[in-house]
Amino acid sequence: MKNIRISWQIFVTSLLITVFALLSVTWYASSIGRDFFREQARENLRVRAELIDKLVHDDLLQQNEQELQNKLKNIQIGDSTRITLILPSGRVLADTEKDPALMDNHLQRPEIVQAINKPYGTSIRFSKTVKRDMMYVAIPIWQEKTLAGFVRTARDIAMVEQTIAGMQRRIFFAGIFMAVLTAVASLFMSRRITHPLFNIIQQVERYAGGDFSRRLPKPHTLEMARLSEALNTMADQIDEKIEMIERQKNEQQSVLESMTEGVIAFDNSGHVISMNKAGGKLLNVDPNEVNGKFLGELIKNEALENLVIAVLETSLPQESELAVNLPNEQILTVRVSPLQDEESETLGALMVLNDITRLRNLERGRREFVANVSHELRTPLTSIKGFVEALYEGALDEPENARRFMEIIYRQTNRLISILEDLLTLSRLEREGELDEVEFRKENLKSILENAEQICMYNAEKKNIRLRLKCPSNLVVRMNSPLIEEAMINLIDNAIKYSPENMNIDILAEKKDKHVVICVKDEGAGIPDEHLSRIFERFYRVDKARSRKLGGTGLGLAIVKHIAQVHGGHVDVQSEMGRGSCFSIYLPVDL
Ligand code: ADP
């Protein structure tokens with residue numbers, strides 16, 4: 001059913017009421033008017049009949065027909081009233097309109113019948129004689145107690161009807177005027193009522209669309225004002241609640257987003273309903289495009305999927321450590337717990353992912369490191385033990401051998417000390433780096449490099465290697481100079497060790513963007529590409545035998561790397577087989 005506007009309803013209803021009221025009033029007024037005019041006309045006719053009785057009384061008693069006829073003619077002049085004189089027998093004695101001789105007996109006329117018993121008789125009917133609706137009033141004429149005849153007066157009641165019709169017309173036009181007035185007024189009224197209603201509807205529609213920025217003005221009518229006020233209060237409350245929910249949601253969102261753990265929520269059927277940034281990063285997917293998808297569509301890992309399925313089926317939390325390829329292997333701890341409502345109904349599952357790859361790598365690194373250290377220490381110790389045993393078992397008595405063995409023991413002991421010193425340096429660097437205990441000062445870099453050059457000069461000269469330092473004399477860097485000097489000695493020493501005789505080694509320092517780059521460039525054999533990525537690891541050597549022969553511990557470059565790192569910088573190596581290597585330390589200038 002089509003909805004009708006309230007204003008239209010009010011308008012039509014009030015119009016109908018007006019028209020109905022008008023018709024009723026017209027009808028009522030007409031019938032009252034008609035009665036009134038007829039009563040007037042009747043009374044008028046009766047009075048006239050009595051007057052005529054007085055004029056013709058005697059002639060009527062004597063039944064003097066001619067005289068009566070003459071008298072009636074005189075009376076009738078200038079009056080439309082018809083007068084009829086009738087004998088008790090019903091015979092017409094005289095009549096103002098027609099010859100009595102031609103008129104039939106009137107005894108059965110209703111007004112005559114009534115007048116026999118009452119002070120007068122009356123009737124309204126169509127007169128065949130005058131061919132019009134007539135009102136008749138007849139009064140009885142008494143001679144003493146004997147009925148002597150009737151005086152009947154009659155008049156055309158068309159006039160009465162005309163008067164009533166005129167009245168009806170006037171009421172009708174007044175009614176039309178009233179109806180138009182009412183229509184306009186009701187239209188105006190309905191507009192006045194519905195206008196604020198329209199505002200309210202528009203506003204409520206805005207609220208329904210989520211726009212709570214505007215409030216309703218206060219209408220004039222009490223009811224509308226209360227409605228508007230109630231709506232405004234409601235909007236304030238909803239707005240506040242939405243804001244609160246939004247704030248809470250944002251807070252929860254930012255908590256989720258700032259978590260390093262990946263958090264993924266699933267609904268009851270296993271579809272993802274939300275995923276935080278860390279979750280997206282761990283699974284290598286865009287968290288904004290995962291909603292509504294199954295976990296299997298995002299990552300091919302059955303074990304991970306099974307955990308979610310198990311929780312959804314059993315409502316029991318599950319925990320596991322999994323290796324996933326995304327595309328590099330990552331080790332994740334996965335905890336999946338059921339999402340439950342207040343009635344402990346399972347609504348879904350919540351997965352928390354933790355990337356422990358680094359932790360596991362560190363553990364592996366430490367294990368390897370312990371194994372490496374043991375191995376590195378074991379070699380010289382075994383050698384020392386062997387030679388001590390040889391001496392003990394008699395070599396002491398062979399001065400030549402004894403001296404040689406003692407030399408080896410001395411060398412191996414030095415080697416042990418070197419390894420331990422390097423290990424201590426490394427652990428000190430690690431500890432101080434972690435605790436921020438390293439002291440930095442702004443120093444002139446050139447003088448530090450010159451010191452390192454001086455210290456290495458002796459070894460260089462032994463191989464006839466020329467050290468060439470190139471550094472701007474005003475280059476000031478915030479650093480820990482003993483550490484930088486140690487790193488430089490390590491790099492220059494390596495360059496000397498792994499270069500043939502008569503070569504050049506360049507020590508270059510310059511400012512590049514946000515770093516000061518110190519580079520030690522040799523013309524040695526170079527390092528094969530496959531070793532470059534691991535060369536800074538502890539105990540990593542390209543050629544183990546050569547390194548040992550040259551007295552290397554395999555820790556020099558690891559120390560260099562750590563020194564660069566405690567300065568907030570990093571290291572880099574470039575090498576070309578047969579042409580030489582270039583080791584660089586990058587130190588941030590704004591440290
Ligand atoms: P080591 O004590 O063995 O020199 P380092 O940590 O200083 O240990 O160096 C690790 C390995 O890197 C060396 O064993 C060597 O194989 C290689 N290396 C270092 N510097 C150079 C260089 N300038 N030229 C070629 N190889 C180098």
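The values are calculated or read from the model by the stated rules, or taken from the named source; none is laboratory data. A quick note: this is a predicted structure, and the numbers were derived from the prediction, not measured. We place every Cβ from the backbone using ideal geometry, glycine too, and count neighbours over all the protein chains shown. Heads up: the accessible areas ignore ligands, DNA and RNA and are worked out on the full protein's heavy atoms, side chains in. Shrake-Rupley method; radii C 1.70, N 1.55, O 1.52, S 1.80 Å.
Take the conditions (1) within 23 Å of residue 588 (Cβ to Cβ); (2) more than 10 Å from the ligand (Cβ to nearest atom); residue 504 misses just one of them, which is (1).
Tell me, yes or no, whether segment 143-156 has at least one residue that is touching a strand residue (DSSP E or B) at 6+ places or on another chain (Cβ under 7 Å), free of Cβ contacts under 8 Å to residues at least 40 places away in the same chain and either more than 18 Å from residue 52 (Cα to Cα) or of a type in the set (A, V, I, L, M, F, W, C) (or both). Checked segment 143-156: no residue is touching a strand residue (DSSP E or B) at 6+ places or on another chain (Cβ under 7 Å), free of Cβ contacts under 8 Å to residues at least 40 places away in the same chain and either more than 18 Å from residue 52 (Cα to Cα) or of a type in the set (A, V, I, L, M, F, W, C) (or both).
Among the residues in segment 221-233, are any open to solvent by 100 Å² or more (accessible area, probe 1.4 Å) and not in a helix (DSSP H, G or I)? The answer is no; no qualifying residue exists. Put simply, of 516, 589 the only residue that is of a type in the set (Val, Ile, Thr), open to solvent by 20 Å² or more (accessible area, probe 1.4 Å) and away from the ligand (no atom under 13 Å from the Cβ) is 589.
The residues on offer are 366, 403, 358, and the sole one that is assigned to a helix (DSSP H, G or I) and closer than 30 Å to residue 273 by Cα is 358. For the residues 460, 371, 452, 402, the requirement of being open to solvent by 40 Å² or more (accessible area, probe 1.4 Å) and hydrophobic (A, V, I, L, M, F, W, C) singles out 371. Scanning segment 519-535 for residues that are in contact with a strand residue (DSSP E or B) (Cβ under 7 Å, 6 or more places away or on another chain) and either among the aliphatic types (A, V, I, L, M) or more than 11 Å from the ligand (Cβ to nearest atom) (or both) gives 519, 520, 527, 532, 535. Only residues that are more than 17 Å from residue 260 (Cβ to Cβ) and either open to solvent by 60 Å² or more (accessible area, probe 1.4 Å) or in contact with a helix residue (DSSP H, G or I) (Cβ under 7 Å, 6 or more places away or on another chain) (or both) were counted across segment 355-368, and they come to 5. One residue stands out among those in segment 431-443 that are outside any helix (DSSP H, G or I) and either at pLDDT 95 or above or charged (D, E, K, R) (or both): the one that is surrounded by the most Cβ atoms within 10 Å (Cβ to Cβ), which is 443.
Looking only at residues in segment 543-570 that are in contact with a helix residue (DSSP H, G or I) (Cβ under 6 Å, 6 or more places away or on another chain) and at pLDDT below 90, which one is nearest to the ligand (Cβ to nearest atom)? So the residue we want is 553.
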